[in-house]
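Asker: The structure is given below, and queries will be raised subsequently.
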Amino acid sequence: RIREEGVMLGKILLPTSVVGRGAQVADDDDDTAAQLPEYQNVAWVDPNATNLVAEVSCTQPTTYRPTPETALKRPDGRTVRIVAVDIGIKFNQIRCFVRRGVELVVVPWDYDFLAEADRIDGLFLSNGPGDPTTITATIERVRAALALQKFPVFGICLGHQVLALASGAQTEKMKYGNRGQNIPCTDMLTGRCYITSQNHGYAVKADTLPPTVRELFVNANDGSNEGIYHTELPYFSVQFHPESAPGPRDSEVLFDIFISTVQRCLAAGAVAGPVEFPGAAAAQSRREQRAAWERELAADDSDRSGRVVNGRRIRKVLVLGSGGLSIGQAGEFDYSGSQAIKALKEEGIYTVLINPNIATIQTSKGL
């Protein structure tokens, strides 16, 4: 049923012979009592109908300071200060900031941090549980912060959804959610794929993003949104966990990107321009060069098969296969070779295979 219906509520019941009839905490006319009369009956609880963030957030602001020798300084000599809105923050997110020399002030989910806007160098929105639309106080305060344009903003997981909602987008409940430690996400600026850790049941609806906000990452498995960035201001967020412990740590560089953005804005004395992502400019240059080559080839190229690489149209590739030295060793060589052939076939490139081991999938008909 879960495969067909998606995520659904559940409850764990114990036999009344073990816990006794006195353990009943739900009405006997509930369907559960009729279907399982020999088990205790407990009330249904929908966690998404409550403000779970209020249950896990801190209740008082707490400041975490770096060691003096690692502290990053503002032009006026004060340590760079990031305010982190705790909507379910992980300790490793705190560590990721402090060990990079940042003074991190962690505040409750409904804290009025805008009252101290002049002392904020950057705003961080943490991860957290539940439906993002239940924390309207946080969303409205972040919306006001975006309008102020006084500091860069970075969000993770629930913080990503809050930033999207504050920007005017919408979120939705996913059928299954994405939960795992090896989920691939594609960087829409560079085309690079990152392996990420995720645990969420809600997602940002990419088709509701305003014109000035674009997708930064996309889930390579289901195509759902995994990140956004503002095209004119230093605001960005990701759905996955770059701080994940014990890993993967492929995307932990996002903390460095955020902090470098804060330092850039402090040095310039103004919050302007989008976040600068490493490799994005080079990737855009390559895309423009590829488009130029395509236009040049289109003028006198009647055969459109294959793929253009560095200004040349590749139509045929020689694949030198490999094999093990003894029986049982050929598996990994066969896999890599067959995947290479499949990839070339998807690009419309004709393959000529030289393979010393004929008892492999690479030589199968149709591949």
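Asker: Taking θ as phi - 60°, what are the ³J(HN,Hα) couplings along region 190-198 by the Karplus curve (6.51, -1.76, 1.60), each to the nearest whole Hz, with x for Gly and Pro?
Answerer: Working through the residues one at a time gives 10, x, 6, 10, 10, 8, 10, 9, 9 Hz.
Asker: Could you do me a favour and compute the accessible area per residue for region 1-109, 1.4 Å probe, result in Å²?
Answerer: Here the per-residue accessible area is 62 Å².
Asker: Continuing with this model, one more query. What are the extents of the Cα atoms of region 111-208 along their three principal axes, in Å, largest first?
Answerer: 40, 30, 24
Asker: Amide H neighbours of VAL308 under 5 Å, at least 5 residues apart or on other chains, H built in the peptide plane: list them.
Answerer: Residues meeting the amide H criterion: ILE314.
Asker: Moving on. Suppose each label sits 7 Å from its Cα in the direction of the beta carbon; what would the ALA343-ALA137 distance come out to in nanometres?
Answerer: 5.1
Asker: Run through every distinct alpha carbon pair of region 1-139 and return the Kirkwood hydrodynamic radius in angstroms, one decimal place.
Answerer: In region 1-139 this quantity evaluates to 18.7 Å.
Asker: So, one more: Ratio of Rg to Rh for the chain, alpha carbon only, Kirkwood?
Answerer: Taking Rg over the Kirkwood Rh, I get 1.08.
Asker: Still on this model: Given the options VAL85, ALA267, LEU104, identify the residue whose Cα lies farthest towards the positive end of the charge dipole of the chain (+1 on Cβ of Lys, Arg; -1 on Cβ of Asp, Glu).
Answerer: ALA267
Asker: Now a separate question. Grab the beta carbon distance between ARG307 and LEU367, set R0 = 22 Å, and tell me the FRET efficiency rounded to 0.05.
Answerer: It comes out at approximately 0.70.
Asker: What's the local net charge at ARG290, with K and R +1, D and E -1, over the other residues with C-beta under 14 Å away?
Answerer: In short, +2.
Asker: Then there's this: Could you list which residues have their amide H under 5 Å from that of GLN170, counting only those 5 or more apart in sequence or on another chain, with H placed in the peptide plane?
Answerer: LYS205, THR208
Asker: Here's something else I'd like to know. Ignoring everything except DSSP H segments at least 4 long, calculate the 222 nm mean residue ellipticity for the chain; use -39,500 (n - 2.57) per segment, divide by total residues, nearest 500.
Answerer: When only DSSP H runs of four or more count, the value is -8000 deg cm²/dmol.
Asker: Moving on. Output ³J(HN,Hα) for region 112-127: one whole-Hz value per residue in order, computed from phi by the Karplus curve 6.51 cos²θ - 1.76 cosθ + 1.60 with θ = phi - 60°, and x for Gly and Pro.
Answerer: The phi angles translate into 8, 6, 5, 5, 10, 4, 5, 10, 9, 9, x, 10, 10, 10, 7, 6 Hz.
Asker: Let me ask something else. Could you calculate the FRET efficiency of ALA291 with ARG192 from 1/(1 + (r/R0)^6), where r is the beta carbon distance between them and R0 is 22 Å, rounded to 0.05?
Answerer: Using R0 = 22 Å, I get an efficiency of 0.65.
Asker: Evaluate region 220-299: find the radius of gyration of its Cα atoms, find its Kirkwood radius, and give the ratio Rg to Rh.
Answerer: 1.09
Asker: Here's another thing I want to ask about it. Which whole-number value in Å² is the accessible area per residue of region 244-310, probe 1.4 Å?
Answerer: Value for region 244-310: 59 Å² per residue.
Asker: Count charges around GLY366 for me, please; just the other residues with Cβ under 15 Å from its Cβ, Lys/Arg as +1, Asp/Glu as -1.
Answerer: +2
Asker: So, in nm, how far is label THR70 from label GLU252 when the simple model puts each one 7 Å beyond its Cα toward the Cβ?
Answerer: The two pseudo-label positions are separated by 1.1 nm.
Asker: I need the phi-derived Karplus couplings for region 175-186: 6.51 cos²θ - 1.76 cosθ + 1.60, θ = phi - 60°, integer Hz, Gly and Pro marked x.
Answerer: 5, 10, x, 10, 9, x, 10, 9, 9, x, 10, 9
Asker: Considering the convex hull of the alpha carbon atoms of region 123-280, report its projected area averaged over all viewing directions, in nm², one decimal.
Answerer: Mean projected area of the Cα convex hull: 8.5 nm².
Asker: When ranked by the protection proxy of mean other Cβ atoms within 10 Å per residue, highest first, what sequence do the peptides 247-256, 282-291 form?
Answerer: 247-256, 282-291
Asker: Can I ask one more? Which length gain, in nm to one decimal place, applies between ASN221 and ASN199 when the Cα-Cα distance is subtracted from 0.36 nm times their residue separation?
Answerer: 6.5 nm
Asker: Give me the number: length gained by fully extending GLU38 to VAL352, i.e. 0.36 nm times residue separation minus the C-alpha to C-alpha distance, one decimal in nm.
Answerer: 106.3 nm is the gain from fully extending GLU38 to VAL352.
Asker: Let me see the P(r) profile for region 185-255: every Cα-Cα distance counted, bins of 10 Å, each bin given as a percent of all pairs.
Answerer: P(r) over region 185-255, rounded to whole percents: 20, 54, 24, 1.
The values are calculated or read from the model by the stated rules, or taken from the named source; none is laboratory data. Predicted model, so just to flag it, every value in this text is computed and none were measured. Because the Cβ atoms are built from the backbone with ideal geometry, glycine has one as well, and the counts that use them run over all protein chains shown. Note: accessible area is taken over every heavy atom of the protein model, side chains too, but ligands, DNA and RNA are not part of it. Shrake-Rupley method; radii C 1.70, N 1.55, O 1.52, S 1.80 Å.
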